[in-house]
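Following: one structure in structure tokens, then a few remarks.
Only the coordinates and a few stated rules stand behind these numbers; no lab work does. As the structure is a prediction and not an experimental result, all values here were calculated from the model. No Cβ is skipped: glycine too gets one built from the backbone with ideal geometry, and neighbour counts run over all protein chains shown.
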Amino acid sequence: MRGDDRQQHELFSYGGLDQRIAPDHPLRRIRALADQALTRLSARFDAIYGDVGRREKLLRAMLLQVLYSVRSERALMDQMDLHLGFRWFVGLSLSEAVWDASTFSKNRERLLGGDIAVEFLTAVVAEARRKHWLSDERFTVDGTFDRGLGQQEQLSAQGRSAGAGPRFRPPRRAAEARSVPVHHRSGGAS
């Protein structure tokens, strides 16, 4: 590498996060749907929670977790800390600290317990369907779900013993397919 890689870190940033998100970014359209749903649910929020709390931000964060298939609250908090689009979508400023994952989990459970999260997601999906943004032509499946289905297909009705229910039949190994003897260790004493 030629020369020094000197970096000057900015002390101040002028402009808001809104200016950093492309005008045609999909999160802008989804954020508008989420805000409409939150407006419709605001009376219900006020009746349950009063006028205090970060419930709107939590619900938007939960929506991001679903949309981007973020596997854990800790990973979601890491993504929100790094991704300017996520911060903007949730409603956090650049200088606001992201929540602790355990705090987020605890508050998420409260929202799920009050059925508000389900009503919110239902409202967002209904609005997207009304605008014809959803399609029944294709869908995406998480790879872990696909592997689980493959294992489920290995359950064999023929392998059932009387009253025992289905037994898992592991896939045949390459050695077994070639008729090579395979020795298995048993956990118990012989």
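Once the Cα-Cα distance is subtracted from the 0.36 nm per residue extended length, the Thr39 to Leu134 segment shows a gain of 32.0 nm.
Using the Cα centre of the stretch 26-130 as the reference point, and only Cβ charges (+1 on K/R, -1 on D/E), how large is the resulting charge dipole? Debye, rounded to the nearest 20.
Working: 17 positive and 13 negative charges, 66 e Å.
The calculation lands at about 320 debye.
When the charge dipole of the stretch 26-130 is built from unit charges on Cβ atoms (+1 for Lys and Arg, -1 for Asp and Glu) and taken about the Cα centre, the candidate among Leu111, Leu84, Tyr68 whose Cα reaches farthest toward its positive end is Tyr68. The 3J(HN,Hα) values that the Karplus relation (6.51, -1.76, 1.60; θ = phi - 60°) gives for the stretch 27-39 are, in residue order, 4, 5, 5, 5, 4, 4, 4, 4, 5, 5, 5, 5, 5 Hz. Gly and Pro appear as x.
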